[in-house]
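Worksheet: one structure, shown below.
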Amino acid sequence: SSGINAEWPLRPGGKTFDFVLFSRRNLNRIGVRYFVRGADDDGNVANNVETEQIIRHNGQVASHVNTRGSIPLYWSQRSNITYKPFVKLFNKENQKDVFVRHMQQQIALYGKNICVSLIDDKGKEKEICQSFNYIGGQGLLPGVKFIHFDFHKECSKMRWYNLNILMDKLREDLDSYSYFFKDGQGKVTSTQSGVVRTNCIDCLDRTNVVQGLIARYVLTHQLRQMGVLGQGDEIPTSSQFEYVFKNRWADNGDGIARQYTGTPALKSDYTRTGVRTKMGLLQDGYKSMQRYVQNNFLDGVRQDSYDILVGNHRYSSVEESPLAKPRHPVAIFLPAAIGIFIALLILKLLMPEETWTSQISHIGLYIAVIVFLFKQVKAWGDYLVDQPRLYHTLAKAKAE
């Protein structure tokens with residue numbers, strides 16, 4: 001969560017108001033990126049977060065809520081040492097039922113819903129994209145709309161202006177859903193009757209960008225109603241508050257991403273500045289490498305910590321703790337063997353032998369062994385990944 005008191009000199013004397021932004025995470029299906037995906041039997045989804053933006057000025061209060069959550073189907077994407085594991089759909093005959101159960105939860109909490117899906121219609125996301133589009137597009141529940149916007153396709157080659165296509169589809173419903181507003185006399189003059197529920201595959205980077213755009217659109221209307229902005233005025237892109245607004249939303253996205261992936265969000269340069277930059281692309285590459293290491297070799301412990309924290313796992317004084325069980329020998333000996341042979345190769349390159357034939361033969365042998373060992377890494381990937389040992393060990397069995 002984050003908050004700021006922002007002074008915004010729009011007119012002589014300026015306008016001062018409070019701007020607060022915070023997020024609340026649903027604990028019913030808590031976990032980390034590749035170990036907790038999709039929905040459970042009750043319709044709870046992974047990375048389910050509601051974000052509320054609050055404005056206060058001269059006794060007036062306005063707020064607006066956005067939500068995000070994993071695609072509400074039965075699916076998994078378990079770490080297996082590859083950069084981006086395959087998405088697996090399971091329990092396919094009950095996908096429609098779990099989608100309905102999740103959306104009924106959303107309706108009970110927030111009223112009407114627009115499901116905005118930002119996932120790719122190709123590659124590893126293609127199958128789940130088509131399944132979600134098919135189920136979401138059937139109009140199974142009144143008051144629930146579905147929009148698919150292929151973010152990567154539409155915004156490729158720096159065409160970020162295409163996000164206006166999505167916003168054009170949302171404006172009418174956003175105006176209809178309104179927002180909470182209490183006037184200076186304490187009278188509630190409007191309430192929010194619906195939300196936009198946004199997801200990408202992780203409900204992080206693409207989702208952060210779109211939620212920030214929605215929040216800015218609603219905020220403009222709220223500030224006009226408060227008299228901070230004149231009717232028809234827009235938030236000046238050069239104002240102090242523009243900087244505050246974008247950076248608070250980027251900080252919010254980073255906080256949510258750290259809990260789910262272990263790293264800050266990607267595409268945060270756009271969220272912070274409104275412009276996608278080459279430096280931002282380089283930073284995203286570095287963060288992606290961090291995520292690879294985190295998600296494959298460190299997340300099992302994080303998942304177990306979450307399950308203990310929220311009570312998914314209960315300690316037993318009778319049974320042996322799953323944490324006491326040793327890891328598979330492959331997880332110890334294979335990385336060690338790779339390290340040894342890489343060290344031998346480096347030594348051989350730095351300390352050549354007297355004859356070049358002996359030198360070449362030894363170097364060739366070491367390279368061949370290293371290549372063989374890396375092939376074994378792919379074959380034994382499940383054992384090399386830092387797997388959770390408590391509650392969510394069951395999730396893998398269900399997914400398979």
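Is there a residue being under 13 Å from Arg33 (Cα atoms), hydrophobic (A, V, I, L, M, F, W, C), within 16 Å of the chain's Cα centre (by Cα) and buried (at least 17 other Cβ atoms within 10 Å of the Cβ) anywhere in region 258-270? So far as region 258-270 goes, yes, one or more of its residues are under 13 Å from Arg33 (Cα atoms), hydrophobic (A, V, I, L, M, F, W, C), within 16 Å of the chain's Cα centre (by Cα) and buried (at least 17 other Cβ atoms within 10 Å of the Cβ).
I want to confirm something. Restricting to region 381-393 and keeping residues that are under 13 Å from Ser79 (Cβ atoms) and open to solvent by 50 Å² or more (accessible area, probe 1.4 Å), which single residue is farthest from the chain's Cα centre (by Cα)? Please lay out each step first, then the result.
Here is the first cut: in region 381-393, the residues under 13 Å from Ser79 (Cβ atoms) are 381-388, 392.
Add one more test, that the residue is open to solvent by 50 Å² or more (accessible area, probe 1.4 Å), and what stays is 382-383.
Numbers: Asp382: 23, Tyr383: 26 Å.
The extreme case among them is Tyr383.
When Arg101 is tested against (1) out of contact with any His (no Cβ under 8 Å at 6 or more places or on another chain); (2) closer than 24 Å to Asn208 by Cβ; (3) surrounded by 15 or more Cβ atoms within 10 Å (Cβ to Cβ), exactly one condition is not met: (2).
For region 293-320, the set of residues classified as in contact with a Phe, Trp or Tyr (Cβ under 6 Å, 6 or more places away or on another chain) and over 16 Å from Leu390 (Cβ atoms) consists of Asn295 only. When the test is whether a residue is under 28 Å from the mean Cα position of the chain (by Cα), within 17 Å of Thr51 (Cβ to Cβ) and either open to solvent by 10 Å² or more (accessible area, probe 1.4 Å) or not acidic (Asp, Glu) (or both), Thr237 does not pass it.
Can Asp168 be described as assigned to a helix (DSSP H, G or I) and closer than 18 Å to Gln106 by Cα? Show your work before the answer.
Details: assigned to a helix (DSSP H, G or I): yes; closer than 18 Å to Gln106 by Cα: no.
Against the criterion (assigned to a helix (DSSP H, G or I) and closer than 18 Å to Gln106 by Cα), Asp168 does not qualify.
Of the residues making up region 285-303, at least one is in a helix (DSSP H, G or I), open to solvent by less than 50 Å² (accessible area, probe 1.4 Å), among the small types (Gly, Ala, Ser) and free of Cβ contacts under 8 Å to residues at least 12 places away in the same chain.
Screening region 23-46 for residues that are in a strand (DSSP E or B) and either in contact with a helix residue (DSSP H, G or I) (Cβ under 8 Å, 6 or more places away or on another chain) or open to solvent by less than 30 Å² (accessible area, probe 1.4 Å) (or both) and picking the one that is farthest from Val195 (Cα to Cα) gives Ala39. Among the residues in region 70-86, are any over 30 Å from Val301 (Cα atoms), open to solvent by less than 10 Å² (accessible area, probe 1.4 Å), aromatic (Phe, Trp, Tyr) and at pLDDT 95 or above? The answer is no; no qualifying residue exists.
Can you work out which of the residues in region 171-184 that are open to solvent by less than 50 Å² (accessible area, probe 1.4 Å), of a type outside the set (Phe, Trp, Tyr) and not in a helix (DSSP H, G or I) is nearest to Gln53 (Cα to Cα)?
So the first thing to find is which residues in region 171-184 are open to solvent by less than 50 Å² (accessible area, probe 1.4 Å), and the list is 173-174, 177-179, 181, 183-184.
Imposing the further condition that a residue be of a type outside the set (Phe, Trp, Tyr) reduces the set to 173-174, 178, 183-184.
Remaining after also requiring not in a helix (DSSP H, G or I): 178, 183-184.
Values: Ser178: 13, Asp183: 17, Gly184: 19 Å.
My answer is Ser178.
Does region 142-149 contain any residue that is touching a Phe, Trp or Tyr at 6+ places or on another chain (Cβ under 7 Å) and either in contact (Cβ under 8 Å) with a residue 40 or more places away in the chain or open to solvent by 60 Å² or more (accessible area, probe 1.4 Å) (or both)?
Looking only at region 142-149, we keep the residues that are touching a Phe, Trp or Tyr at 6+ places or on another chain (Cβ under 7 Å), and these are none.
Scanning region 142-149, I find no residue that is touching a Phe, Trp or Tyr at 6+ places or on another chain (Cβ under 7 Å) and either in contact (Cβ under 8 Å) with a residue 40 or more places away in the chain or open to solvent by 60 Å² or more (accessible area, probe 1.4 Å) (or both), so the answer is no.
Does any residue of region 188-197 turn out to be assigned to a loop (DSSP other than H, G, I, E, B), without any contact (Cβ under 8 Å) to a residue 60 or more places away in the chain and either under 20 Å from Gln105 (Cα atoms) or open to solvent by 10 Å² or more (accessible area, probe 1.4 Å) (or both)? Yes; the residues of region 188-197 include at least one that is assigned to a loop (DSSP other than H, G, I, E, B), without any contact (Cβ under 8 Å) to a residue 60 or more places away in the chain and either under 20 Å from Gln105 (Cα atoms) or open to solvent by 10 Å² or more (accessible area, probe 1.4 Å) (or both).
Residues in region 310-326 that are open to solvent by 50 Å² or more (accessible area, probe 1.4 Å) and free of Cβ contacts under 8 Å to residues at least 12 places away in the same chain: Arg314, Tyr315, Ser317, Val318, Glu319, Glu320, Ala324, Pro326. Looking only at residues of region 171-210 that are out of contact with any Lys or Arg (no Cβ under 7 Å at 6 or more places or on another chain) and among the hydrophobic types (A, V, I, L, M, F, W, C), we find that the one that is farthest from Asp150 (Cα to Cα) is Phe181. State yes or no: is Arg101 touching a residue at least 40 places away in the same chain (Cβ under 8 Å), farther than 23 Å from Lys84 by Cβ and in contact with a Gly (Cβ under 9 Å, 6 or more places away or on another chain)? In short, yes.
Just to be sure before I move on: is Ile201 under 30 Å from Val87 (Cα atoms), open to solvent by less than 20 Å² (accessible area, probe 1.4 Å) and outside any strand (DSSP E or B) in the structure I sent? Considered against the rule, which asks whether it is under 30 Å from Val87 (Cα atoms), open to solvent by less than 20 Å² (accessible area, probe 1.4 Å) and outside any strand (DSSP E or B), Ile201 comes out as yes. Within the set Gly123, Gly136, the sole residue that is small (Gly, Ala, Ser), without any contact (Cβ under 8 Å) to a residue 40 or more places away in the chain and surrounded by 16 or more Cβ atoms within 10 Å (Cβ to Cβ) turns out to be Gly136.
Number of residues in region 177-186 that are touching a residue at least 60 places away in the same chain (Cβ under 8 Å) and within 18 Å of Leu213 (Cα to Cα): the value is 2.
One residue stands out in region 139-192 among those that are of a type in the set (Ser, Thr, Tyr) and touching a strand residue (DSSP E or B) at 6+ places or on another chain (Cβ under 7 Å): the one that is farthest from Lys126 (Cα to Cα), namely Thr189.
Restricting attention to helices (runs of 4 or more DSSP H) lying wholly within region 335-400, give those where 2 or more residues are at pLDDT 85 or above and under 30 Å from Asn312 (Cβ atoms). Can you show your working first?
Working: elements: 356-379, 381-384, 393-399.
Per the criteria, 381-384.
The values are calculated or read from the model by the stated rules, or taken from the named source; none is laboratory data. The structure displayed is predicted, hence computed values, not measured ones. Reconstructed Cβ throughout: ideal geometry from the backbone, glycine too, with neighbour counts over all protein chains shown. These accessible areas exclude ligands, DNA and RNA; they are computed on the full protein's heavy atoms, side chains included. Shrake-Rupley method; radii C 1.70, N 1.55, O 1.52, S 1.80 Å.
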